[in-house]
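S.K.: The structure is given below, and queries will be raised subsequently.
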Amino acid sequence: MKQQRKAIALISGGLDSMLAAKTVMEQGIHVEGINFFTGFCVEGHTHAIRARDKAKPKRNNSLWVAEQLGIKLHIVDVIEEYKKVLINPKHGYGANMNPCLDCKIFMVNKAKQWLVENNFDFIITGEVIGQRPMSQRKATMPIVAKESGADDLLLRPLCAKNLPATLPEREGWVNREKLHDITGRSRKPQMAMAKEFGIAEYAQPAGGCCFLTDKNYSAKLVDLWKARDSKDYELDDVMLLKVGRHIRPRAHFKLIVAREEGEGRFMQGYKKDYISMLCTSHSGPLVLLDGSPSAEDLYLAASITARYGQGRDAEQVDMAIMDKDGSERTIQVKPLAGEKLPEEWMI
């Protein structure tokens, strides 16, 4: 009786990884999924926070993909290990703070470790030659395989025919003729394949599932590192960079201003970790202060906070200041005048 081979598929939650896994499953291979949680994923939790995103699905796309495929998904927390990848990437950053090539090497290496520990046979990814300028080029495909330690146990079903045959193909575990030869950035081949498989719904067909590829988010991360004189970070830092308007009027502190009610509710959970402000005489946003503001700084912060509330045109507003220990005091401030805040304050 022929032995059934087992493959572990990197599942990002996007269409490519979904199709790659499905392609191999169609050949009778037992497939399970694996997803590595770095903290930087663009996922349903941000959609759940903001009212403006209420129409978007509130879901973990990787779990959703696994459900659609009918496979088990292993979610692995790599927040601490991933710091080394982000802080000091061997192959550098992309257009923003995205260490895409190092990230792919890291994740395939983690998958290889999992494969060995769980007696699986090979690894599947949804990579396509030419789709990503940094990590998915023909020149980088061998780098990922070699530096991750996966070597020819790494199968890329969507573009396999454009690459040398891997061990699963040479050994006949999978039929190379039933794999694909997709190249380039066009999504039409993947969409056609999804239709053939009967897949009508899928997330983010054009990719972009990482906040580190976002220019604005990257600027906030660099600002955080600069202000703290250290590139270390915690998950709470990562989460707070995803919400609010970030304003740094002085080098030693910044304001995080909730832009809507949903963000304000989310930020309530951090009131024990940060000094916070809320206008009590008029409606206005919750504001968190990160850093070490002086009494003079607190007045400036309160004046800035006031301009984002209903009292922006008032002569004076009442601003409640809550310390981390729960103590509270109220000061009266005049909203900061001017049509715009100085551009250098805005992160």
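The values are calculated or read from the model by the stated rules, or taken from the named source; none is laboratory data. Since the structure is predicted, the reported quantities are computational estimates derived from the model, not experimental observations. No Cβ is skipped: glycine too gets one built from the backbone with ideal geometry, and neighbour counts run over all protein chains shown. The accessibility values were calculated without ligands, DNA or RNA, using every heavy atom of the protein model including side chains. Shrake-Rupley method; radii C 1.70, N 1.55, O 1.52, S 1.80 Å.
S.K.: Might you work out the accessible area of Ser283 for me, using a 1.4 Å probe with all protein chains in place, and round it to the nearest 10 Å²?
M.R.: 80 Å²
S.K.: Can you give me the C-alpha center-to-center distance between the range 255-270 and the range 281-347, rounded to a whole angstrom?
M.R.: 14 Å
S.K.: Additional query: Among (i) 77, 44, 40; (ii) 82, 38, 34; (iii) 56, 47, 38, only one was calculated for this model; which label is it, if the read-out is Cα extents along the principal axes in Å?
M.R.: Structure-derived value, by its label: (ii).
S.K.: Now, a different point. Considering only protein heavy atoms, what per residue accessible area in square angstrom results for the chain with a 1.4 angstrom probe?
M.R.: 48 Å²
S.K.: Oh, and also: Going down the table (Lys84/Lys146; Lys90/Lys272; Lys110/Lys271), which pairs top 31 Å between alpha carbons? Working shown, then result.
M.R.: Details: Lys84/Lys146 19 Å; Lys90/Lys272 37 Å; Lys110/Lys271 36 Å.
Long pairs (Cα-Cα over 31 Å): Lys90/Lys272; Lys110/Lys271.
S.K.: Please compute the length gained on full extension between Val78 and Glu328, using 0.36 nm multiplied by the number of residues separating them and subtracting their Cα-Cα distance. Can you show the working numbers first?
M.R.: Details: separation 250, 0.36 × 250 = 90.00 nm, distance 3.80 nm.
Here the segment from Val78 to Glu328 would lengthen by 86.2 nm.
S.K.: Where in the range 267-342 are there GluC sites (Glu not before Pro) that are in a DSSP coil and have at most 12 other Cβ atoms within 10 angstrom of their Cβ? All intermediate terms of the calculation are to be shown ahead of the outcome.
M.R.: Values: sites: Glu296, Glu315, Glu328, Glu339; in loops: Glu315, Glu339.
Those satisfying the criteria are Glu315, Glu339.
S.K.: Let me ask something else about it. Percent of accessible area on the chain owned by carbon and sulfur, 1.4 Å probe?
M.R.: On the way: 8300 of 16780 Å².
Heavy-atom surface of the chain belonging to carbon and sulfur, 1.4 Å probe: 49 percent.
S.K.: Treating only the Cβ atoms of Lys and Arg (+1) and Asp and Glu (-1) as charged, compute the dipole magnitude of the range 221-304 about its Cα centre; round to the nearest 20 debye.
M.R.: Details: 12 positive and 13 negative charges, 29 e Å.
Dipole size: approximately 140 debye.
S.K.: Top mean-square fluctuation among Ile123, Ile75, Ile256, Gaussian network model of the chain, C-alpha springs under 10 Å?
M.R.: Ile75
S.K.: Along the range 247-262, what does the Karplus equation 6.51 cos²θ - 1.76 cosθ + 1.60 (θ = phi - 60°) give for ³J(HN,Hα), rounded to whole Hz, x for Gly and Pro?
M.R.: Whole-Hz 3J(HN,Hα) from phi for the range 247-262: 10, 10, x, 9, 4, 9, 7, 9, 9, 10, 9, 4, 8, 6, 4, x.
S.K.: Roughly speaking, what is the stretch gain from Gln268 to Glu196, that is 0.36 nm per residue apart minus the C-alpha to C-alpha distance, in nm to one decimal?
M.R.: Working: separation 72, 0.36 × 72 = 25.92 nm, distance 4.67 nm.
Using 0.36 nm per residue and subtracting the Cα-Cα distance, I get 21.3 nm.
S.K.: Please compute the modelled spin-label separation between His282 and Glu177, points set 7 Å along Cα→Cβ, answer in nm with one decimal.
M.R.: Reported label-point gap for Glu177 and His282 is 7.5 nm.
S.K.: When the helix-only estimate is applied to the chain (DSSP H runs of n ≥ 4, each -39,500 (n - 2.57), divided by the residue count), what is the mean residue ellipticity at 222 nm, nearest 500 deg cm²/dmol? Mind showing how you got there, number by number?
M.R.: Details: 12 runs with 116 residues, N = 347.
That comes out to -9500 deg cm²/dmol.
S.K.: Which listed residue (His30, Leu179, Leu288) has the Cα farthest towards the positive end of the charge dipole for the chain, taking +1 on Lys and Arg C-beta and -1 on Asp and Glu C-beta about the Cα centre?
M.R.: Of the candidates, Leu179 comes out farthest on the positive side.
S.K.: Which whole-number percentage describes the relative contact order of the range 232-330, with Cα contacts under 8 Å and a sequence gap of 6 or more?
M.R.: Values: 155 pairs, mean separation 25.7, N = 99.
For the range 232-330, the relative contact order is 26 percent.
S.K.: Please tell me the relative contact order of the chain in percent, rounded to the nearest whole number, where contacts are Cα pairs under 8 Å and at least six residues apart.
M.R.: Values: 591 pairs, mean separation 50.9, N = 347.
Dividing the mean separation by the residue count of the chain yields 15 percent.
S.K.: Oh, and also: Any idea what the dipole of the chain comes to, in debye rounded to 20, about its Cα centre with Lys/Arg Cβ at +1 and Asp/Glu Cβ at -1?
M.R.: On the way: 50 positive and 45 negative charges, 203 e Å.
That gives the chain a dipole magnitude of about 980 debye.
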